[in-house]
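Structure first, commentary second.
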There are 2 protein chains.
Amino acid sequence: MDSEAIKQSLKGSRLRCTPQRYAVMAFLMRQNRHSTAAEIFAAVNRVDPRSSRATTYNNLRDLVKAGLVRDVAVEGRAARVEAKGVRHHHFICDRCGMVEDIEWYNVPRPASGSLGRRVLRECELIFRGLCTKCAPARGSRRVS
Amino acid sequence: MDSEAIKQSLKGSRLRCTPQRYAVMAFLMRQNRHSTAAEIFAAVNRVDPRSSRATTYNNLRDLVKAGLVRDVAVEGRAARVEAKGVRHHHFICDRCGMVEDIEWYNVPRPASGSLGRRVLRECELIFRGLCTKCAPARGSRRVS
DNA sequence: CCAAGAAATTAGAATATATCTAATATGAGA
DNA sequence: TCTCATATTAGATATATTCTAATTTCTTGG
């Protein structure tokens, strides 16, 4: 599919295109979901059992550093990771920890002064609630 | 100070006011910062060394469940916790993991339909960047 | 195409964070 | 004061992540 694109983005970030690293990247792009390191490790090894846990973590660290992948912390759960694609906000399920994307839209900046002398890099919205799998019987949509 | 207030909010949540639980709550309110479980455990025991790690975690879990305390996940770091006070957004330092409050302001809801059948409970803004301690020399404020 | 060397991989140990267990203690309502 | 549901404890266990140091492998330059 876009195997060439993956190779190019790795090369562009000066990361060698090893089978393990490629597999992590390909998995994340194919999935288009937010996966834990354990899920990625398992999935990559299911296809070709040649990657170690350390390598999975190393690659994720490098891919994050290179800006190809993004870390998403989830309260009370293992961290998740996603391939950076089009910009979006996040929805996190209170019950199962699943992270889902919410279509991007611009949010207003804080009142000037409120940021103080902090250096702002990015800003995103986090929605919390129940995903469709965890939501109780239909018709009970509640909005805070 | 507001020791009576703490007792009342515990009682209101049907949580017994034990010395350990009170100490956790008092510390969080006094600090008005986002602390890790380890920090809380250490601080509480510095004053009166009678609390165990398990108790600290149990109490934090119960206080979160009761809605008196809020969990804040930080990528690549131990979770942090804060006493729920006035509503606010969060700023997380890329470098040291410190969580800081940003004055609350309303953010627009996502386009209807974008949430799908998900149940929305709350929504907050997360700003990322460098805190004043970690920011490099002054004058270099950069905004994405 | 090959050699060289930087970069990446590995298994397993080590560390950090969080939860569980089951025996014991205690706050607070009656 | 008595009672007992609730809370606490030390330490073991579970889970998540990083480290170590020996080995292997991409890739570049010759």
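The values are calculated or read from the model by the stated rules, or taken from the named source; none is laboratory data. These numbers were taken from a predicted model, which means no experiment stands behind them. Cβ coordinates were reconstructed from backbone atoms using ideal geometry, including for glycine residues, and neighbour counts include every protein chain displayed. What goes into the accessible areas is simple: the full protein's heavy atoms, side chains included, and nothing from ligands, DNA or RNA. Shrake-Rupley method; radii C 1.70, N 1.55, O 1.52, S 1.80 Å.
Tabulated values for the structure
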| read-out | value |
| --- | --- |
| The stretch B:86-129: C-alpha pair distances exceeding 14 Å, % | 58 |
| Peptide-level mean, for B:124-134, of C-beta atoms on other protein chains within 10 Å | 6 |
| Selection of trypsin sites (Lys or Arg not before Pro), the stretch B:1-76, meeting DSSP coil and at most 10 other Cβ within 10 Å | B:Arg14, B:Arg16 |
| Point-charge dipole on Cβ atoms (K/R +1, D/E -1) for the protein assembly as shown, about Cα centre, debye to 20 | 180 |
| Cβ charges +1 (Lys, Arg) and -1 (Asp, Glu), total dipole of the stretch B:86-129, debye | 340 |
| Per-selection metrics, the stretch A:37-144 (Cα): Rg and Dmax in Å | 17.4, 53 |
| 10 Å Cβ neighbours from other chains, averaged over peptide B:112-118 | 6 |
| For the protein assembly as shown, the spread of Cα positions along each principal axis, largest first, Å | 65, 54, 41 |
| Share of carbon and sulfur in the accessible heavy-atom surface of the stretch B:86-129 [1.4 Å probe, %] | 51 |
| Listed residue pairs exceeding 31 Å between alpha carbons, taken from A:Lys133/B:Lys133; A:Lys65/A:Lys133; A:Lys84/A:Lys133 | A:Lys133/B:Lys133; A:Lys65/A:Lys133 |
| Shielding of A:30-43 by partner chains, average beta-carbon count, 10 Å | 0 |
| Magnitude of the charge dipole, chain B, Cβ model with Lys/Arg +1 and Asp/Glu -1, debye to 20 | 220 |
| Area accessible to solvent at B:Thr132, 1.4 Å probe radius, in Å² | 80 |
| For the stretch B:86-129, with +1 on Lys and Arg beta carbons and -1 on Asp and Glu, the positive-most of B:Ser114, B:Cys96, B:Leu125 along the dipole | B:Ser114 |
| Net charge contributed by nearby residues that have their C-beta within less than 9 Å of B:Ala73 (K/R +1, D/E -1) | 0 |
| Mean projected area (nm²) of the alpha-carbon convex hull when the stretch A:3-72 is viewed from all directions | 4.2 |
